Amino acid sequence: MSRDPATRSRAYFAGGWHALDRTFPVFHPGNGQLIGEVADCSAGDARQAIDAAERALRSWRRVNGYERGRVLRRWFELMLAHQEPLARLMTLEMGKPITETRGEVHYAASFIEWCAEEAGRIAGERVNLRFPHKRGLTVQEPVGIVYAVTPWNFPAGMITRKAAPALAAGCVMILKPAELSPMTALYLAELWLEAGGPPDTFQVLPTNDAPAFSQPLMADERVRKLTFTGSTEVGRLLYGQAARTIKRVSLELGGHAPVLVFDDADLEGAAREVIASKFRNAGQTCVCTNRVYVQRGVTEAFTRLLTEKTAALTVGDPLLDGTQVGPVVEQAGLDKIQAQVQDALARGARATTGGQATGGLYFQPTVLTDVHPDSVILREETFGPVAPVVVFDTEEEGLALANASEFGLAAYAYTRDLGRAFRVAEGLEYGIVGLNDGLPSANAPHIPFGGMKNSGVGREGGHWGLDEYLETKFISLSLV
Ligand code: NAD
């Protein structure tokens, strides 16, 4: 079912596939081998894409919502039909274990399915006005040309979470995928065209120079929205740039998820969920557990369980079915993980399992105990397979520790006390709370996903995600 791999080295914009003289390499994190060379788009290419998007928008916005939904439905079906080559490509590009990338194809496609169903239902409201001779109504219109910038850690999911609602709403999108995983994005563009997506409604332009490429897109008045997923640092920069042309902005940024394990928790279940949340994608997700707070009465028992389960994880070649933890994506990521672990150990922490890099881009799944409160790992995103454990005494103290972060994306709590579960969920300053649930967003394209504080602006998923691509226009009619 796989298509001509050549299209995965070319960019798609301005009505066609472009092989460019300038290219950049993509490597497999599992063994460092070159997978391919990809077109390196310039600011000039970005300008061409904007002109093409403007033309494409004129007709796409007028296509009936049900018809847009039918194209999306075919895109969804094609993605599922291409599950295996897509999964394999993602694993090759960024090293996520193949069982997870197969799941990601389903997750990514589910946003398209949901938006396909919803496209025909985009409507407005009748508004009663105070004057008997007036009638009011609202209509929902597409925002227009959308510039999307995505990260490497979910090469398909972070794209469809944006593209599906944008295209369902009648917007057109110019996508700049991450330089570490551009080929998956090009594959998705190919499937969109095959599904009947009109030319230039979804353009994909990889580049190795994101700042220069982005400049015309961020400056152009015709680009009416920026949707970004990535680090808080880059999100902040783009937020500032978007202010000049008052673009609509959605930002899905970094996280530093805390977990609270209370004395009354089902410890076996909590350890299982923490493992799932901490070690998937080798700890490289924005909602991955980053701090584990355990109430004093169960610290020893819980740490033992967590250590045993962590030590039992199968680390290895991400292309093998049995692998649970693969490599991290690049050397800079590995260096950061090592620096955080060294810092914690130097401040008195102990590794109850793991603690070492093992060659290539592999780092052992690790549990750290006795972690000093000043440790960097308790403040900065780790993006690696390391779980630092910290003891707390009271519910209030646990909540205060969990909230002591610039981030507010996801948080988790384990307790069997219903009153405590609600108190804690309401007290956590986070956009997503998992109660006895380490994967609250799994298989759920219809829930609001997004963060508070420095974790972002807006939500993706469900009607919240669709609203981000719609303008509400009010129309008043006088009958006299
Ligand atoms: P990153 O911020 O380095 O890069 C993200 C994207 O921004 C890439 O496509 C990159 O090329 C682009 N970029 C970088 N500098 C740019 C510039 N000056 N102008 C325009 N574009 C620029 O992040 P990353 O390392 O790719 O991804 C990891 C980060 O993403 C983590 O912080 C993670 O928490 C976050 N993330 C958040 C969510 C969420 O839903 N909140 C989901 C996944 C990842």
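Residue pairs whose Cβ atoms lie under 7 Å apart, separated by 6 or more positions or on different chains, with the first residue in region 430-457 and touching a residue at least 40 places away in the same chain (Cβ under 8 Å) and farther than 15 Å from Ala411 by Cβ and the second of a type in the set (Phe, Trp, Tyr) and not in a loop (DSSP other than H, G, I, E, B), are Asn443/Tyr107; Pro445/Phe111; Pro445/Trp114; His446/Trp114. Kindly provide the set of residues from region 222-237 that are of a type in the set (D, E, K, R) and either out of contact with any Asp or Glu (no Cβ under 9 Å at 6 or more places or on another chain) or surrounded by fewer than 19 Cβ atoms within 10 Å (Cβ to Cβ) (or both), ordered by number. Result: Arg222, Glu233, Arg236.
Taking the listed residues Val367, Val371, the one that is assigned to a strand (DSSP E or B) and open to solvent by less than 50 Å² (accessible area, probe 1.4 Å) is Val367, with no other qualifying. Here Ala311 meets each of (1) more than 26 Å from the chain's Cα centre (by Cα); (2) surrounded by 24 or more Cβ atoms within 10 Å (Cβ to Cβ); (3) farther than 28 Å from Ala404 by Cα with one exception, condition (2). Among the residues of region 171-196, those that are assigned to a loop (DSSP other than H, G, I, E, B) and surrounded by 23 or more Cβ atoms within 10 Å (Cβ to Cβ) comprise Cys171, Pro177, Ala178, Ser181. Looking across region 229-266, the residues that are outside any helix (DSSP H, G or I), within 7 Å of the ligand (Cβ to nearest atom) and more than 30 Å from Arg296 (Cα to Cα) come down to Thr229, Gly230, Ser231, Glu252, Leu253. Only one entry of Gly326, Gly269, Gly316 meets the criterion of being away from the ligand (no atom under 16 Å from the Cβ), in contact with a Pro (Cβ under 7 Å, 6 or more places away or on another chain) and at pLDDT 95 or above, and that entry is Gly326. Filtering region 109-123 to residues that are within 22 Å of Arg248 (Cβ to Cβ) and either surrounded by 15 or more Cβ atoms within 10 Å (Cβ to Cβ) or free of Cβ contacts under 8 Å to residues at least 24 places away in the same chain (or both) leaves Phe111, Ile112, Trp114, Cys115, Glu118, Ala119, Ile122, Ala123.
The numbered conditions (1) more than 25 Å from Glu104 (Cα to Cα); (2) touching a strand residue (DSSP E or B) at 6+ places or on another chain (Cβ under 7 Å); (3) not acidic (Asp, Glu) are all true for Ile432 except (1). Only one of the numbered conditions (1) away from the ligand (no atom under 16 Å from the Cβ); (2) farther than 23 Å from Asp263 by Cβ; (3) not charged (D, E, K, R) is violated by Ala400, and that is (2). Listed here are the helices (runs of 4 or more DSSP H) enclosed by region 394-480 that have at least 1 residues being charged (D, E, K, R) and either more than 26 Å from Val292 (Cα to Cα) or in the same structural domain as Glu118 (by TED's automatic domain parsing) (or both): 462-467.
The values are calculated or read from the model by the stated rules, or taken from the named source; none is laboratory data. This structure is a prediction, so every number in the text was calculated from the model and none was measured. Neighbour counts run over all protein chains shown; Cβ positions are idealised from the backbone, glycine included. Accessible surface is based on the protein model in full, side chains and every heavy atom, while ligands, DNA and RNA are left aside. Shrake-Rupley method; radii C 1.70, N 1.55, O 1.52, S 1.80 Å.
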